[in-house]
Amino acid sequence: MIELRPFNTLGAANHGWLDAHHHFSFANYHDPARVHWGALRVWNDDKIAPGTGFPTHPHSDMEIITYVRTGAITHRDSMGNEGRTEAGDVQVMSAGTGVRHSEYNLEGTDTTLFQIWIIPDARGGEPSWGARQFPKDDRNGAFVPLASGAADDDDALKIRADARVLGATIRAGESVTYTPRSADRHLYLVPATGKLRIGDVEAYARDGVAITKLASITITALEDSEVVLVDAA
């Protein structure tokens, strides 16, 4: 099954400082058909104005992955962590028993990012935070794990969930095949840039594609594309 979720059908809320689009039910947007996709609970497409951001607020029992598309985001939390994550790079916060954090755009231009929440395998645990650079040249023509609960994804940021967050850059006219470990996995793919074809489905930048019951998928770039994929239980 391959289901296209065009960008213009997503939930949306423009707060001035934050222009947010929701692939799944979030805040005041509720669609009973789009509450989660397996363990994938949230995929927000956010644009944050310069000098603004999310003030300190709490989380618990959630794996929160931030993929920065343009600009940068500055993180501070109640564990004493502080870091700046730039475009193309990733940060992960395992909220565990509870953590408070803020996320601000301290840059002079808009920051755009994907915020992805994944339900952990078990409640509780010590909260943690980490960030990593993932050069786009290293994922040219192949999916590279960015955050993962799989033991053999050694270079990925660790999450406490049966899930993987992967990135790829695909040149126009080239194809990449991804094979989950079983066909009952829940795959959700969003091109950050470009245009793709998966089977008979064409997806533009920031569209969502929900996929399950397939042994593998082949993604063909119709334009140079930057792709983020979640593979979840």
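The values are calculated or read from the model by the stated rules, or taken from the named source; none is laboratory data. Since this is a predicted model, take the numbers as computed values, not measurements. We place every Cβ from the backbone using ideal geometry, glycine too, and count neighbours over all the protein chains shown. In case anyone asks, the SASA skips ligands and DNA or RNA and just uses the protein heavy atoms, side chains included. Shrake-Rupley method; radii C 1.70, N 1.55, O 1.52, S 1.80 Å.
With the largest listed first and rounded to whole Å, the semi-axes of the equivalent ellipsoid of region 112-224 from the Cα gyration tensor are 25, 17, 13. Separation of region 75-136 and region 144-208, taken as the distance between their Cα centroids, equals 20 angstrom. Among Tyr67, Tyr188, Tyr178, the residue with the largest mean-square fluctuation in a Gaussian network model of the chain, with springs joining Cα atoms closer than 10 Å, is Tyr178. Per-residue SASA remark: Lys136, around 80 Å² accessible (1.4 Å probe; ligands, DNA and RNA not included).
Rolling a 1.4 Å probe over the protein heavy atoms leaves His15 with an accessible area of roughly 110 Å².
Rolling a 1.4 Å probe across the protein heavy atoms gives the chain an accessible surface of 43 Å² per residue. Rolling a 1.4 Å probe over the protein heavy atoms of region 1-147, with every protein chain left in place, gives an accessible area that is 51 percent carbon and sulfur. Assuming charge only on the beta carbon of Lys and Arg (+1) and of Asp and Glu (-1), the dipole of the chain about its Cα centre is about 320 debye to the nearest 20. Here is the P(r) of region 63-139: all C-alpha pair distances, binned every 5 Å from 0, give 3, 15, 26, 24, 17, 10, 4, 1 in whole percents. Accessible area per residue (1.4 Å probe, heavy atoms of protein chains only) ranks Met62, Met79 as Met79, Met62, with the largest value leading. Taking the Cα centre of region 119-233 as reference, the dipole from Cβ charges on Lys and Arg (+1) and Asp and Glu (-1) amounts to some 200 debye. As a fraction of the 1.4 Å probe accessible area of region 192-233, surface on carbon and sulfur atoms comes out at 46 percent.
Entry for region 1-107 at q = 0.24 Å⁻¹: log10 I(q)/I(0) = -1.50, Debye formula applied to identical alpha-carbon scatterers, no solvent contribution.
Tell me, what are the semi-axes, in whole angstrom and largest first, of the equivalent ellipsoid of region 96-152 as set by the roots of 5 times the Cα gyration tensor eigenvalues?
Numbers: eigenvalues 117, 92, 18 Å².
Rounded to whole Å, the semi-axes are 24, 21, 10.
Across the chain, counting alpha-carbon atoms alone, Rg and Dmax equal 16.6, 48 Å.
The accessible-area ordering, largest first, of the residues His30, His22 stands as His30, His22, per a 1.4 angstrom probe.
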